[in-house]
Amino acid sequence: MGAHTQNEEVRKPKVKKESAKNHIVAFSASLVLTALAFVAVAYEVVPSGFTVPFIVGLAFVQALFQLFFWMHMDQKGHEFARISIFAGLFFVLATVIAFVYWVWV
């Protein structure tokens, strides 16, 4: 019975106290990234051939903000989720690159 209690304590994420400042900074950064994507398309600031990669890059950065600030992936106890997300991302990118190479080359 005592070992069961220890395992539960090990698996619980350790939550650190956060201030509202971190959330405000992350929210502001998300708004800025969204505004950059909008301006890039609406005002044609970015060359047309670079627009899609630019927006995908901004989306990737914003997804990292979401994971680490809002979903608390930066805290201890979330290592498995972090590894799973990045491993999945690696396999998806490898698959997309393989299919693009297969179709266009």
Single condition Q66 does not satisfy, out of (1) polar (S, T, N, Q); (2) in contact with a Ser or Thr (Cβ under 9 Å, 6 or more places away or on another chain); (3) at pLDDT 90 or above = (3)
Pick out the one residue from Q62, Q75 that is at negative phi and outside any helix (DSSP H, G or I).
-> Q75
Check on V103, more than 25 Å from A37 (Cα to Cα), β-branched (V, I, T), open to solvent by 50 Å² or more (accessible area, probe 1.4 Å) and assigned to a helix (DSSP H, G or I) | yes
For the stretch 26-64 the number of residues that are under 20 Å from Q75 (Cβ atoms) and touching a Phe, Trp or Tyr at 6+ places or on another chain (Cβ under 8 Å) is 3
Of the listed residues (F54, F69, F27, F38), the one being within 13 Å of the chain's Cα centre (by Cα), assigned to a helix (DSSP H, G or I) and surrounded by 10 or more Cβ atoms within 10 Å (Cβ to Cβ) is F69
Of the conditions (1) more than 26 Å from N22 (Cβ to Cβ); (2) without any contact (Cβ under 8 Å) to a residue 12 or more places away in the chain, A40 clears all except one; give me its number.
-> (2)
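The values are calculated or read from the model by the stated rules, or taken from the named source; none is laboratory data. Note that the structure is predicted; figures quoted are calculated from it, not measured. As a convention, Cβ positions derive from the backbone with ideal geometry for all residues, glycine included, and neighbour counts pool all protein chains shown. Ligands, DNA and RNA are stripped out before the accessible areas are found, and what is left, the full protein with its side chains, is counted by its heavy atoms. Shrake-Rupley method; radii C 1.70, N 1.55, O 1.52, S 1.80 Å.
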